[in-house]
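Following: one structure in structure tokens, then a few remarks.
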Amino acid sequence: MSSSSSAAAAAATTTAQHYRFFHNEASTEETSRILEADPKSVEYELVYFDFSCVAATARYILSYGKAKWNDQHPKEWEDKEEYDCPFGVMPVLHIKSEEGKAMLAESVVIDMYLAEKFNLLGSNRYETETIKAFYSSIHYLRERSQTRVTWTFADKRQEAFERFMKTMVPWWIQVHEQHLERNGGNGHYFGDKVRETVLANAEMAAWRESEDGKRLLEGGKKFYSVTAFSDKVEE
Ligand SMILES: N[C@@H](CCC(=O)N[C@@H](CS)C(=O)NCC(=O)O)C(=O)O
């Protein structure tokens, strides 16, 4: 091996050691049993920043499901916690049972997992896959707004925002309104089994109104204020 390729290999090993892998001491079957356990028999720990954003849905579902859960906010992200995540980003969900601990990464996976655990993913395979499709389409709009508007060059942000609002958003709304109408205009995308709306759900409303819920929402506003149009940046 040449000295440059051995240096590259050493660097790759160092980087790899920084990130947590999905493998643990337990077998995949043992870990899977933790994931399959009754949600009432486990405790959840959601690791994410001190604001809402991509962890918001998971927190709502955990509240909805009256789960035993807590929020963990990394305090020394740059130095350490980053490396406790498989991909160096959060959220990460820990599921703790008497049998041990399992970890899930990626918000989409966490949200789907929790939705299924708390019976929010329909009652047959077709409903499940359709609900997932709506979720993905909503995620797509969020992802596009983040990459095209929020985290673009500061001097291009206003233009990017106007373009996004004039083209992408009306198109997306039109498509989704068609789905809502096609479902009979009952306020739901698909089916009519769950008639209560998110904000009318007592557990989710309580979470939203709690000190923690309000603090996390405010945290998001503060965090994203750095992406305000330059003449409106809050000091
Ligand atoms: N694909 C990931 C993306 C998550 C993500 O972007 N997380 C950001 C916060 S919103 C993060 O952890 N950033 C850490 C960093 O950039 O150092 C998911 O959906 O879970």
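Values as computed for the structure displayed
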{"item": "Rg to Rh, two decimals, where segment 46-184 supplies the alpha carbon set and Rh follows Kirkwood", "result": "1.02"}
{"item": "Calculated log₁₀ intensity ratio I(q)/I(0) where the Debye formula runs over C-alpha points of the chain, q = 0.11, 0.15, 0.18 Å⁻¹", "result": "-0.74, -1.26, -1.49"}
{"item": "Inter-site label distance for Q178 and A202 at 7 Å from Cα along Cβ, in nm", "result": "4.1"}
{"item": "Segment 48-74 versus segment 18-40: alpha-carbon centroid distance in Å", "result": "20"}
{"item": "Too-long pairs where the Cα-Cα distance tops 21 Å, listed order kept, from K96/K132; K75/K221; K40/K117; K132/K214", "result": "K96/K132; K132/K214"}
{"item": "Accessible area, probe 1.4 Å, largest first, for residues W69, W171", "result": "W171, W69"}
{"item": "Relative contact order (%) - criterion: Cα under 8 Å, at least six apart; region: segment 68-226", "result": "8"}
{"item": "In Hz, Karplus ³J(HN,Hα) per residue of segment 36-43 (6.51, -1.76, 1.60; θ = phi - 60°; x = Gly, Pro)", "result": "8, 4, 4, x, 6, 9, 10, 10"}
{"item": "Per residue accessible area in Å² of segment 125-232, where ligands, DNA and RNA are left out and the probe is 1.4 Å", "result": "72"}
{"item": "Neighbourhood charge, 14 Å Cβ-Cβ cut-off, centred on E25 and excluding it, Lys, Arg +1 and Asp, Glu -1", "result": "-1"}
{"item": "Net charge of neighbours whose Cβ lies under 13 Å from the Cβ of W69, counting Lys and Arg as +1 and Asp and Glu as -1", "result": "+1"}
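The values are calculated or read from the model by the stated rules, or taken from the named source; none is laboratory data. Predicted model, so just to flag it, every value in this text is computed and none were measured. Ideal geometry is used to build each Cβ from the backbone, glycine not excepted, and the neighbour counts take in all protein chains shown. With ligands, DNA and RNA removed, areas are computed over all heavy atoms of the protein, side chains included. Shrake-Rupley method; radii C 1.70, N 1.55, O 1.52, S 1.80 Å.
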